[in-house]
Each structure stands twice: as structure tokens, then as C-alpha cells.
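Below is one structure, written out as C-alpha cells; the observations come after it.
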Amino acid sequence: MPRIVITEPDGPGQPYRFEIDRKHVSIGRGSDNEILLTHDSTSSEHCTMERVKGGFILRDQDSTNGIQQGESLMQVIDLKDGMELNMGDVTLDFQLSEEEIETLSKEDFVPHQMKKKSASQAEAEVVKKNSLALKENSASSDENKLSDKSDSPSSSSPTPPSPPSYNQPVIRSGVSSAKPLLIFILIIAAIFTGMTISHKLRTGDSLPGKLIDLLKRKPVSEKADQTTDPSAPLKAEEKPTESRSAGSEPAMGMGVE
């Protein structure tokens, strides 16, 4: 069984034994510790002895005077057979039997030894950790902003035009083709109105009425065609309206019986 001897100033050494598989042993002035100390140089929760793979370690629990190996204050000490340590002004001797040493040697031991950092070093580490945390938070915030901008549509990006309705080209085509015709009709109407007013002022007659009378009359060329057509029958009741003059000869092609 591993053995430790606690020796306080001006007092005899007090030995303690425990099983080799014991995982945790607390040491301090507090009543809830497994090994009680009485000297004022020790803290209520001074340190703990822990079983690790391949051996034991002594870990400081943020005590006032700490744990010391030689002249160095330590945070963690790898315990070895025959080692003497200080807890404040109290001495701790660690001892193992040959059988225990052989048992522990079969396990792979990983060193845990660590010096205790000074107050300034501890403060610097806290500041460094806080600075790193702020940088990580800032980087995470920037990434979230970039992600939001890439996901949301940009205000400067052009809006795709909506497709024109099916009837729009037909309506535009009709309006564009009817416009020249309408302008032409208006021009003709204006010219005709001007001619009508001018004719009215010069002759006193209405130009539209005169045009209508002309359209109602039978064309002269049509009457001439009817008199010269030899195949057209003569009307029996038709008489010459003009008397022949004395000594005139009969018209050609018409005999008197």
C-alpha cells in the first residue's frame, strides 16, 4: 500500500496508508478532507493526491502557499518513491514498496508535472484568453453578416423584366397602322372644307350641293353613244324638233318615202 508521512513543524511525522487503486485523497485544514492538517501555513483545501495511469500526482488547489518541490512552486507534481515535498511549512514524504513500483511500471505513465504560474503570468493568460475569445466572436459575427448579405437579394441587382402579355403586340400594331390613315383623312377633310368655304365666298353656291348635282346628271358621252349606235331602235313617236331649211339635202342614211 502506498505510504505518505505528514510532518508539521515541531511535531512528529504522521504516516498514512491507502490502497494502490485509491483514485483521490484530499489534504487540507478543512474538516471534510481525508487527511487533516492543523498548521496555519496550509489552506482549508490545500491539495489533492490523484491516482493516474502509471503512478500518482499531487495537484495544488489554489492554496495560499502552494505546493513546493525544491525551490519551485508547482501546480502539479509527479510523485515518485522517496520524494519529499512541502505544503506551506508542512512536509510530505511519499513512499512506495517494491511490489507497488513493479505494478505501476507495467502501466504507461504520462507526465503531468507543471510549475505554478505567478500572479502576473496568470493575469496575462486571462487577458490573452479574453482577447482570443473576442477575436473569435468578432470573426463569427463578420461571417454571419457576410452570409446574410449573400443569402439576401442585392438592392442594386437589376430586377428581371416581366414578360409582356400576349395581346400587347397586337394592340400596338393596330394603333400604329391606323394612325397614318387617320391623319390622311383629317388632311383631306381640311382641304375639302377649305375649298367649300372658298367656293361659297366666290360664287355663293354650296360646293357639296353642286357636286351632288353633277353626279346626278347623265354623262354627255353616254348620250352620244346612244345616238350613234346603229343597232339601237328608233322610237316611233320621236319627231325632229328642228325644221329643215330650204334647199337642204336629206341627211345621209335616212330616206323620205
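Would you mind checking Lys179/Lys200; Lys23/Lys116; Lys53/Lys80 for any pair whose Cα atoms are more than 20 angstrom apart?
Where the Cα-Cα span goes over 20 Å, the pairs concerned are Lys179/Lys200; Lys23/Lys116.
How much length is gained if the chain between Asn144 and Arg59 is pulled fully straight, taking 0.36 nm per residue apart and subtracting their Cα-Cα distance, in nm to one decimal?
So the chain would gain 26.4 nm between Asn144 and Arg59.
Sorted by mean Cβ packing within 10 Å, highest first, what order do the peptides 45-55, 106-116, 21-31 take?
By packing density, highest mean first, the sequence is 45-55, 21-31, 106-116.
Suppose every Lys and Arg Cβ carries +1 and every Asp and Glu Cβ carries -1, with no other charges. What dipole size does the range 1-113 come out with about its Cα centre, to the nearest 20 debye?
220
Mind grabbing the base-10 log of I(q)/I(0) for the range 173-216 at q = 0.20 Å⁻¹? Debye formula, identical points on the C-alpha positions, no solvent, two decimal places.
Each listed q maps to, in turn, -0.69.
Averaging over all projection directions, find the projected area of the Cα convex hull of the range 3-121 and quote it in nm² with one decimal place.
7.5
Take peptides 182-191, 35-44 and line them up by average Cβ neighbours within 10 Å, highest first, as a rough protection proxy.
35-44, 182-191
Bear in mind these aren't lab numbers, they're just calculated from the coordinates by the rules spelled out. None of these values were measured; they are calculated from a predicted model. Using ideal geometry, Cβ is built from the backbone for each residue, glycine included, and neighbour counts are taken over all protein chains shown.
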